[in-house]
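Worksheet: the structure to be examined is printed underneath.
The values are calculated or read from the model by the stated rules, or taken from the named source; none is laboratory data. Only a predicted model underlies this, so the values are computations on that prediction, with no experimental measurement involved. Every residue, glycine among them, receives a Cβ derived from its backbone with ideal geometry; neighbour counts consider all protein chains shown. The protein model used for the area step is the full one, side chains on, heavy atoms only, and it has no ligands, DNA or RNA in it. Shrake-Rupley method; radii C 1.70, N 1.55, O 1.52, S 1.80 Å.
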Amino acid sequence: MKIVICASEVVPFAKTGGLADVAGALPLALEKEGQEVIVILPRYKAIDAAKFNLKTSGDGILAGTLGQGIKVYFIENAGLFNREGLYGDKQGDHPDNLERFSFYCRRSLELLKEINFKPDIIHCHDWQSSLIPVFLKTVYSQDPFYKKIRTVLTIHNIGYQGLFPREEFPKLGLDWSLFSMEGLEFYGKVNILKGGMLFADLINTVSPTYAREIQTKEFGFGLEGVLNKRKDSVFGILNGLDYDIWDPQRDKFIARNFSITDLTGKARDKEDLQALCKLPLKKGVPLVGIVSRLAEQKGFDILAEGIDAICKMDIQMVILGTGDLKYHQVMQEMVAKYPKVISLNLKFDDPLAHKIYAGSDIFLMPSRYEPCGLGQLISLRYGTIPLVFKTGGLADTVNADNGFVFSNYSKMALVKTIRRALAAFQDKKQWDALVQNALKCNFSWDASARKYLELYAKAKKK
């Protein structure tokens, strides 16, 4: 199959969040499956042409490679992309984002014709590439080159929709009839993601549970009606985890490597983490790790309410991340009150993240909503038992066999579940079984790529 991946950020070239990891890993997994894949993204100022050995490949196009032979094309436009920040700067979103990403979408489609790459599937990601399905079925609908191309749109987080003032609609070059409730209009504004959802052949999101959740008022961010109308075309596929980066047998950041057959290294990693975080070296006390943005979406509202009670338990906790100032302050107060219980690290620190995943006994992820979640997948890979709220990808990957799940989003339920986990930790037989089950989980990209190929085959029949 010939596949184009269109995403506004792709590892290793440009990244602000999880979208880049997916858009970088999926093409590699598809290539391993014998597919012909190319990738198209904007050429931002931050992308170093020399570092990635990018070469000019036509008018306003640079090209590089990924994996064995995946061609990666970069859309150049100095006026639109040669500036700080992918989507915005300290002042907020770039005011011309509609122009920037509509240019990217049109130019991507034109590029395919220029290089004579006629794909079976264009796989679009989030609102930034959502105009591709719209343009294909309107502006380019009469051009025979584009006739049989089908589109799949992946929604990574439906909260980000690409909303713009009505006055900007003409810049898209679309007929005004598309600015309607049945089109791109959304409460008087232009909604780019909605356009993609209406015109894409199939829609998917990054876990089966999240695919169901976004069709409800609670999680749909106003677009649940559109999704309900298209419910037969909405699917969920879990993101994979890059097992080359996250591998306890080869991880260079951790004190001692370990595997499912020899877990002695994990005990050493716990000691290393305790020493590094200035916590007492206590083998029998469960160590809870958190690697997260400190925000309400990530469960810090209920964690902040319950943290005092949690710190009174026989427990240690290491927190890594930054976020809302109010949660920084709550956690700092707890560190002052319980210095031998909590280690707070308000920063981004990749080596420390690896040490937390390897050295903790329990990984806490009480997110209010989580489209897929990577933290729980990493913790399972390292035999660190996840404790999660039952939502999105967390509900699809964590269960009583490999972790702890609470289904009532409240301080009481969180505290009660932590108590349950601590009791299980003291039962060596029960805990060892959990660790073994965790280490046996397989959330590699290979499995996800095969599911995407099934989805592409469905789209081709449309």
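Per residue of the chain, what 222 nm ellipticity follows from adding -39500 (n - 2.57) for every DSSP H run with n ≥ 4, rounded to the nearest 500?
Helix-only estimate at 222 nm: -11000 deg cm²/dmol.
So, counting K/R as plus one and D/E as minus one, what does the shell of residues with Cβ under 12 Å around VAL206 add up to?
-4
Can you give the % of DSSP beta bridges in the chain that are antiparallel, to the nearest 5? Mind dumping the intermediate values first?
Values: 16 of 62 bridges.
So the antiparallel bridges amount to about 25 percent of the total.
For the chain, find the longest principal axis of its Cα atoms and tell me its angle to the long axis of helix 350-359, 0 to 90°, nearest 10.
Approximately 50 degrees, to the nearest 10.
Let me know the whole percent of all Cα-Cα pairs from region 29-91 that are separated by more than 19 Å. Don't skip to the answer; put the middle values down first.
Values: 743 of 1953 pairs.
Roughly 38 percent, once rounded to a whole number.
Give or take rounding to whole Å, what are the principal axis extents of the alpha carbon atoms in region 204-255, in descending order?
51, 20, 12 Å, listed from the longest principal axis down.
What is the distance, in nm, between label points placed 7 Å from the Cα along the Cα-to-Cβ direction at THR322 and at LYS460?
4.6
What does the convex hull of the Cα atoms of the chain come to per residue, in Å³, rounded to a whole number? Mind showing how you got there, number by number?
Working: hull volume 67.6 nm³, N = 462.
Considering the Cα atoms of the chain, their hull volume per residue is 146 Å³.
Roughly to the nearest percent, how much of the accessible area of region 276-351 is carbon and sulfur, given a 1.4 Å probe?
On region 276-351, the fraction of accessible area on carbon and sulfur atoms equals 56 percent.
Of the accessible area of region 1-45, with the probe set at 1.4 angstrom, what percent is carbon plus sulfur?
48
Out of region 150-228, which GluC sites (Glu not before Pro) are coil in DSSP terms and have no more than 16 other C-beta atoms within 10 Å?
Numbers: sites: GLU167, GLU168, GLU182, GLU185, GLU213, GLU218, GLU224; in loops: GLU182, GLU218.
Here the sparse-neighbourhood loop sites are GLU182, GLU218.
Treating only the Cβ of Lys, Arg, Asp and Glu as charged (+1, +1, -1, -1), what charge dipole size does region 16-169 show about its Cα centre? Round to the nearest 20 debye.
Dipole magnitude for region 16-169 comes out near 300 debye.
Which Cα, out of LEU394, GLY24, VAL291, lies furthest along the positive dipole direction of the chain (beta carbon charges, K/R +1, D/E -1)?
The Cα lying farthest towards the positive end belongs to LEU394.
Find which of THR216, ILE260, LEU198 sits farthest along the positive direction of the dipole of region 196-275, computed with +1 on the beta-carbon of Lys and Arg, -1 on that of Asp and Glu, about the Cα centre.
After comparing all options, I get THR216.
Using the eigenvalues of the Cα gyration tensor, what equivalent ellipsoid semi-axes result for region 245-339 when each is taken as the square root of five times the eigenvalue, whole Å, largest first? Display every interim value, and only then the final one.
Details: eigenvalues 148, 54, 25 Å².
Gyration-tensor ellipsoid for region 245-339: 27, 16, 11 Å.
How many Å² of accessible area per residue for the chain, probe 1.4 Å? Don't skip to the answer; put the middle values down first.
Details: 19900 Å² over 462 residues.
Spelled out: the 1.4 Å probe surface of the chain, per residue, equals 43 Å².
Please report Rg (one decimal) and Dmax (integer) in Å for the Cα set of region 353-462.
15.7, 55
With point charges of +1 on the Cβ of Lys and Arg and -1 on the Cβ of Asp and Glu, referenced to the Cα centre of region 414-462, which listed residue (ALA459, SER448, VAL435) lies farthest in the positive direction of the dipole?
The residue sitting most towards the positive pole is ALA459.
Post the alpha-carbon centroid distance, region 243-285 to region 204-229, in whole angstrom.
If we compute the Cα centre of each part, the gap is 39 Å.
Between region 416-457 and region 124-143, how far is it from one alpha carbon centroid to the other, in angstrom?
38
Quick one: net charge of LYS282's neighbours, Cβ under 10 Å, K/R +1, D/E -1?
Details: positive: LYS270, LYS283, LYS340; negative: GLU271, ASP314.
Result for the local shell: +1.
How large, in percent, is the carbon and sulfur part of the accessible surface of region 95-215 at a probe radius of 1.4 Å?
Values: 2410 of 4440 Å².
After summing per-atom areas, the C and S share lands at 54 percent.
If the only charges are +1 at each Lys and Arg Cβ and -1 at each Asp and Glu Cβ, what is the size of the charge dipole of the chain around the Cα centre, to the nearest 20 debye?
660
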